[in-house]
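The values are calculated or read from the model by the stated rules, or taken from the named source; none is laboratory data. Bear in mind the structure is a predicted one, so any value in this text is a computation, not a measurement. All Cβ positions, even for glycine, are placed from backbone atoms using ideal geometry, and neighbour counts span all protein chains on display.
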Amino acid sequence: MTCERKFMSEVHSRRCSVTRFHFLPLIIFLVGLHAVEGIWPLPQTMTSSAERYSLDPQYFNFNYGRDSATQQGCSVLDAAFKRYFSIIFPDHISDKLSVFAERAALNAETVWGALRGLETFSQLVYQDDFGIFFVNKTEIEDFPRFQFRGVLLDTSRHYLPVQVILKTLDAMSYSKFNVFHWHIVDDPSFPYQSRTFPGLSSKGAFHPMTHIYTQSDVRRVISYARLRGIRVLPEFDSPGHTQSWGKGQSDLLTPCYKGGIPSGTFGPVNPASASSYQFMARLFKEVSAVFPESYIHLGGDEVDVSCWKSNPDVQVFMQKMGFGNDFAKLESYYMENLVNITSALNKTSIVWQDVFEYHERVMVEVWREGCYLCEVRRVTKAGLKVILASPWYLDLPGPTHDWVRYYTVWPLAFKGTEEQKKLVIGGEVCMWGEYVDATNLSPRLWPRASAAAERLWSDEKQTSSVARAFSRLQDFRCKLLRRGIQAEPLFVGHCRHEYQGV
Ligand SMILES: *[C@@H]1O[C@H](CO)[C@@H](O)[C@H](O)[C@H]1NC(C)=O
Ligand SMILES: *[C@@H]1O[C@H](CO)[C@@H](O)[C@H](O)[C@H]1NC(C)=O
Ligand SMILES: *[C@@H]1O[C@H](CO)[C@@H](O)[C@H](O)[C@H]1NC(C)=O
């Protein structure tokens, strides 16, 4: 196995990389101990003892094990060693003193598993009042419950500066999220700067120079995410949610009619026009080259068909295709075209649940409120894979601040076969952008998204008690603050290192 391997298979591939930490035991002081409250998300099995070792930043270093398949030169782990050194020892710089001493071992089957292990190790280290670092003798065996653990950011309703996205990726890795679902464009703005169709952002972004993601911005986000074991899943939602596309691409959207004449407004992408599909084929060809991810999110939600109904060309097309007055068939025809376009590019399509109603060659994201487990049951019964988002909409202001709401979610609590349950591949926290920009993104996400992260990573039986999770999550939030993440408080309390502002 090489360091570059794709990582949906966190759990399945063969054992290969061994990482060792070296540290020297120091004199042990037994005063003012601030022990760790535990690891977040909770590992599958963990035994810790009161036997503890002090860590001296001067002598500490990360090494590749001698029999590890992965060695120095693996960019992902080389970078992770540096990063985690400064996370564990915030005020020190790594020097390369190699004194042989006590060691801890991390065995992982993949590079990406090793990253998760480094995160866990970093959370085991604590400091006493004298600033001495300790780690207790601990044994952990760990793997994720679900393979897809995502966070959606919406960069259309508000523009999020690249730095803010990168910071979110850092925070995501601390909670072991592994998918960044980039809802990059939508009705309000089109910030993605396309090579093939530069007009889309120059006319459709909030500002053509300052409120866009250039090709190099996108590359930067993808490579930053990759180093943290996070895949970037792009979403170009259509045929609805495309008002901003129309500004730079005339003839793409459907002209709406009123009283037999064009009203001057536009509806969803015009499904009756061959040029729409030619445009989409070219756009997705670019997108699939820019984003190495093997999945593409095609959206397909909330299509308002009233404009289609009003348009005479669409009506003629409906008759020609034999759809009668069934606009669901038209929408299905549109989505099938798009699924065909992306599968020709060797990508697997993900769609919002709306499309499941009339399409069956996709992976389905369940987002609507109500009995979402009924929907999960229905979709898995049809043999399709599911990503669950409904219970994890964290963007709304109001009485939704309580993390417990996002913790007490039981994704597999529906009646179904074992086969059906296996089709639930994970879940996703959604942070839609109506009320969210760089000013409030972090506190609105963290630590509530971490509650969802534990649900997606950890064993459900061991993490069913809210009371037992509370102090561990409070402690984890303090760790986030220490790492510069502006995570909001859960309740009354304090952290040893409070957030210092900027
Ligand atoms: C770590 O060790 C210390 C002192 O030896 C002990 O007080 C503490 O409870 C231990 N922590 C864990 C999580 O076992
Ligand atoms: C999509 O591809 C399938 C298989 O090649 C084909 O049967 C179908 O007609 C295509 N659908 C559309 C709408 O082009
Ligand atoms: C898709 O995969 C096939 C088989 O692996 C390959 O021959 C083809 O070139 C790929 N197409 C694209 C657009 O990458």
- So which residues in the range 355-376 are acidic (D, E) and modelled with pLDDT of 85 or more? E365, E369, E375
- Kindly establish whether G229 is over 23 Å from A274 (Cα atoms) and modelled with pLDDT under 95. no
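Residue by residue, here is whether (1) small (G, A, S); (2) within 32 Å of the chain's Cα centre (by Cα); (3) part of a loop (DSSP other than H, G, I, E, B); (4) modelled with pLDDT under 50 holds:
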site: T2; (1), (2), (3), (4): no, yes, yes, yes
site: V18; (1), (2), (3), (4): no, yes, no, yes
site: Q58; (1), (2), (3), (4): no, no, yes, no
site: S68; (1), (2), (3), (4): yes, yes, yes, no
site: L77; (1), (2), (3), (4): no, yes, no, no
site: A80; (1), (2), (3), (4): yes, yes, no, no
- Task: Would you tally the residues in the range 118-145 being within 22 Å of D91 (Cβ to Cβ) and in contact with an Asp or Glu (Cβ under 6 Å, 6 or more places away or on another chain)?
- Result: 0
- Task: Count, please, the residues in the range 305-351 that happen to be free of Cβ contacts under 8 Å to residues at least 24 places away in the same chain, more than 16 Å from ligand 2 (Cβ to nearest atom) and surrounded by 15 or more Cβ atoms within 10 Å (Cβ to Cβ).
- Result: 2
- Residue count for the range 361-375, restricted to those that are surrounded by 13 or more Cβ atoms within 10 Å (Cβ to Cβ) and not in a helix (DSSP H, G or I): 8
- Message: Going through F356, F317, F323 one at a time, which residue ends up being in contact with a Leu (Cβ under 6 Å, 6 or more places away or on another chain), on the phi < 0 side of the Ramachandran plot and more than 16 Å from ligand 3 (Cβ to nearest atom)?
- Response: F323
- Any chance you could count how many residues in the range 437-472 are of a type outside the set (S, T, Y) and either closer than 22 Å to R157 by Cα or touching an Asp or Glu at 6+ places or on another chain (Cβ under 8 Å) (or both)? 13
- All positions within the range 64-88 that are surrounded by 14 or more Cβ atoms within 10 Å (Cβ to Cβ) and touching a Ser or Thr at 6+ places or on another chain (Cβ under 7 Å): Y64, G65, S68, A69, T70, L77, Y84, F85, I87, I88
- Item | Cβ pairs under 7 Å, 6+ apart, first in the range 104-132 and in contact (Cβ under 8 Å) with a residue 40 or more places away in the chain and within 20 Å of Y64 (Cβ to Cβ), second of a type in the set (G, A, S) and part of a helix (DSSP H, G or I) | L106/A114; L106/G117; A108/A114; A108/G117; L115/A80; L118/A80; E119/S173
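Every residue, every condition in (1) more than 22 Å from Y435 (Cβ to Cβ); (2) touching a residue at least 40 places away in the same chain (Cβ under 8 Å); (3) more than 18 Å from the chain's Cα centre (by Cα); (4) surrounded by 20 or more Cβ atoms within 10 Å (Cβ to Cβ), yes or no:
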site	(1), (2), (3), (4)
V162	no, yes, no, no
H181	no, yes, no, yes
D187	no, yes, yes, no
F190	no, yes, yes, yes
- Message: Within the range 112-133, does at least one residue satisfy the condition of being at pLDDT 95 or above and either closer than 18 Å to D395 by Cβ or hydroxyl-bearing (S, T, Y) (or both)?
- Response: yes
- Task: From D402, D395, grab the single residue that is surrounded by 17 or more Cβ atoms within 10 Å (Cβ to Cβ) and at pLDDT below 95.
- Result: D395
- Query: Got a number for residues in the range 49-82 being touching a Leu at 6+ places or on another chain (Cβ under 8 Å) and either within 16 Å of ligand 2 (Cβ to nearest atom) or not hydrophobic (A, V, I, L, M, F, W, C) (or both)?
  - Reply: 8
- Positions within the range 281-295 being within 16 Å of ligand 2 (Cβ to nearest atom) and surrounded by 19 or more Cβ atoms within 10 Å (Cβ to Cβ), in sequence order: F284
- Would you kindly identify the helices (runs of 4 or more DSSP H) lying entirely within the range 376-490 that contain at least 3 residues that are farther than 30 Å from L124 by Cβ? 418-422
- Qualifying position, being modelled with pLDDT under 95 and either in contact with a Lys or Arg (Cβ under 7 Å, 6 or more places away or on another chain) or of a type in the set (A, V, I, L, M) (or both), among E286, E293: E293
